[in-house]
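Below is one structure; the comments refer to it alone.
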Amino acid sequence: MAKNTTKTYRNQIMYSVFVRNHTPGGTFEGVRRDLKRIKALGTDIVWLLPIHPIGEKCRKGTLGSPYAIRDYRAVNPEYGTLEDFQYLVDDIHALGMKCIIDVVYNHTSPDSWLAEHHPEWFYHKPDGSFGNRVGDWWDVIDLDYASPGLWDYQIETLKYWAGMVDGFRCDVAPLVPLDFWLRARAEVEAVRPGCFWLAESVEPDFVQGGRADGLTVLSDSECFQAFDACYDYDIFHDLHKYLRGEVPLSFYADRISRQEVIYPDNYVKLRFLENHDQARAAFVIPEGFALLNWTAFLYFQKGLTMLYAGQEAECGHRPSLFDKDDIAWNLNEGVTRLLQTLAKLKKNPLLTDSRYEVKALPRDILLAEHRKGGRRLTGLFSMGGQSSLVPVDAPDGLYPNLLDSACRPVEVYGGMVRLKGAPVVFEWSV
């Protein structure tokens, strides 16, 4: 873990935006007009998927992937001007939020400015042509970090954007050398003190497969040396194995608890149920009470919570990265109130620094606890949305349910709590 990473990132909420599909106009201005609603969800950090011009050569779909970047130092004219982008960032700051942008440093579009002006900075196939080392990414070509000039150019680019934004989400960060990220972090710090760095760390299968193919692929433990937070991909697919009925809930719970002992004390995981590369939570968890419990558990987890735009509308369709595919904004006031209540819970100091344990109980119940000193924050989550009697250690009595906007009481009687399908969180003292 980066030595100066603060644990308070565990109390924050990130909101991910794909500008093209956020509004019918698909512009910076459209996002700017939605900022007050985004802020009202409890958002601390707005993450914008790549804002740069998209290559035209080898495009996927009609508009191309935002991850096939043509020019790192410009903005996509379809979104607006650089001035429009600055207005958006200024308003994000005015509302007390931070703004981070996507950094895609493993590859560019085949017709990028860099490919035209510095072809020597790229990976070349045996026949001398451009290429990439991940087969299904056929719309991009890979950079080669054996070139010192590339390091200088990329870091200068980061410093340029750090003059405007507060941090970076780094696409497939494990495919870029660790020493590059360490140097970039040190140099950017002089421009933007406290700059936030998020690594899209990758799945275990990706690490193993890439290494078997002769690639250098960084593990989470290596990424944590340079980054403040890493993706939750080390266990995300274990969650989906449970949802598909391939493993018991206890398998997933054990994987979460294991993170507590394999990462540094100040580790921060990005916790999410969905993102632009994965199916929507409402698609894989269609049952209402189950989705309610998984959403509550998302906020209760130790780590930085992320919402992907449209998740708050319980959208089941994941927008295309390659075409105009607007989010269906059918907002539900009840869901909005729940997310606002969860955002308040997220600020609880016990979520900042605690001993965190998760275990599975019969009837697909997760019992999770944050412990610090004599205080405990206990969460009970019915992942199948079923009613159940659940054993707890808390003394008998009435406790405010912190997931209820009215804080109506939870009763512990005979060392048991009766769940009625909805999640419960309460705080108590030993």
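The values are calculated or read from the model by the stated rules, or taken from the named source; none is laboratory data. Everything numeric in this text was worked out from a predicted model, so none of it was measured. Please note: Cβ atoms are built from the backbone with ideal geometry, for glycine as well, and neighbour counts cover all protein chains shown. With ligands, DNA and RNA removed, areas are computed over all heavy atoms of the protein, side chains included. Shrake-Rupley method; radii C 1.70, N 1.55, O 1.52, S 1.80 Å.
Would you mind telling me the share, in percent, of accessible area of the chain contributed by carbon and sulfur at probe 1.4 angstrom? Please list the in-between numbers first.
Working: 9040 of 17160 Å².
Carbon and sulfur: 53 percent of the exposed surface of the chain.
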Averaged over all viewing directions, the convex hull of the alpha carbons in the chain casts a projected area in nm² of 20.2
The lysines whose Cα lies under 27 Å from the Cα of residue 3, excluding any fewer than 8 residues away in the same chain, are 98, 159, 269, 302, 346, 347, 372
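Which percent of the Cα-Cα distances in the range 1-136 go past 23 Å? All intermediate terms of the calculation are to be shown ahead of the outcome.
On the way: 4048 of 9180 pairs.
So the portion of pairs separated by more than 23 Å is 44 percent.
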Rounded to the nearest Å, the spacing of the alpha-carbon centers of the range 361-420 and the range 117-134 is 56
Cα-based Debye curve of the range 307-430 sampled at q = 0.13, 0.19, 0.23 Å⁻¹ gives log₁₀ I(q)/I(0) of -0.62, -1.10, -1.39
Amide H neighbours of residue 102 at under 5 Å, excluding residues fewer than 5 places away on the same chain, with H built from the backbone geometry, are 48, 51, 169
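Summing Lys, Arg as +1 and Asp, Glu as -1, what charge do residues with Cβ under 15 Å from the Cβ of residue 291 carry, residue 291 excluded? Walk me through the numbers before you get to the answer.
Values: positive: 280; negative: 274, 287, 312, 314, 364.
Residues near residue 291 contribute -4 overall.
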With the 8 Å Cα cutoff and a minimum separation of six or more residues, the chain has a relative contact order in percent of 16
Given backbone amide H placed at 1.01 Å from N, residues whose amide H is under 5 Å from that of residue 410, ignoring those fewer than 5 places away on the same chain, are 399, 401
Pseudo-spin-label distance residue 120 to residue 237, built 7 Å along Cα→Cβ, given in nm, is 3.9
Interchain or sequence-distant (5+) residues whose placed amide H lies within less than 5 Å of the amide H of residue 70 are 54, 55, 109
From the Cα centre of the range 271-331 to that of the range 1-79, the distance in Å is 16
Over the chain, with neighbouring protein chains present, the accessible area per residue in Å² at probe 1.4 Å is 40
Counting only protein heavy atoms and leaving out ligands, DNA and RNA, the solvent-accessible surface of residue 315 at a 1.4 Å probe, in Å² to the nearest 10, equals 20
Between the residues 384, 154, 15, the Cα farthest towards the positive end of the dipole of the chain, that dipole coming from +1 and -1 charges on the beta-carbon of Lys, Arg, Asp and Glu, is from 384
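Could you work out the Kirkwood radius for the range 140-248, taking every pair of different alpha carbons, averaging 1/r and inverting it, reported in Å?
Values: mean 1/r = 0.0657 Å⁻¹.
About 15.2 Å, per the Kirkwood formula over Cα pairs.
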The correct pair for the range 236-374, radius of gyration to one decimal and Dmax as a whole number, both in Å and from Cα atoms, is 15.7, 53
The ³J(HN,Hα) series, computed from each phi in the range 65-74 with the Karplus coefficients 6.51, -1.76 and 1.60 at θ = phi - 60°, rounded to the nearest Hz and given as x for glycine or proline, is 6, x, 8, 9, 7, 8, 8, 5, 10, 9
Expected vector for the range 408-420, Karplus 3J(HN,Hα) from phi with 6.51, -1.76, 1.60 and θ = phi - 60°, integer Hz, x for Gly and Pro, equals 4, x, 9, 9, 9, 9, x, x, 10, 10, 8, 8, 10
In whole Hz, the Karplus estimates of ³J(HN,Hα) for the range 141-154 (6.51, -1.76, 1.60; θ = phi - 60°; x where Gly or Pro) are 10, 7, 7, 10, 7, 6, 9, x, x, 5, 4, 4, 5, 5
Relative to the chain, whose Cα atoms define the longest principal axis, helix 82-94 and its Cα axis are tilted in degrees, nearest 10, by 20
Each label sits 7 Å from Cα toward the beta-carbon; between residue 83 and residue 371 the label points are separated, in nm, by 6.0
Taking only Cα atoms of the range 180-296, the Rg to Rh ratio with Kirkwood Rh works out at 1.02
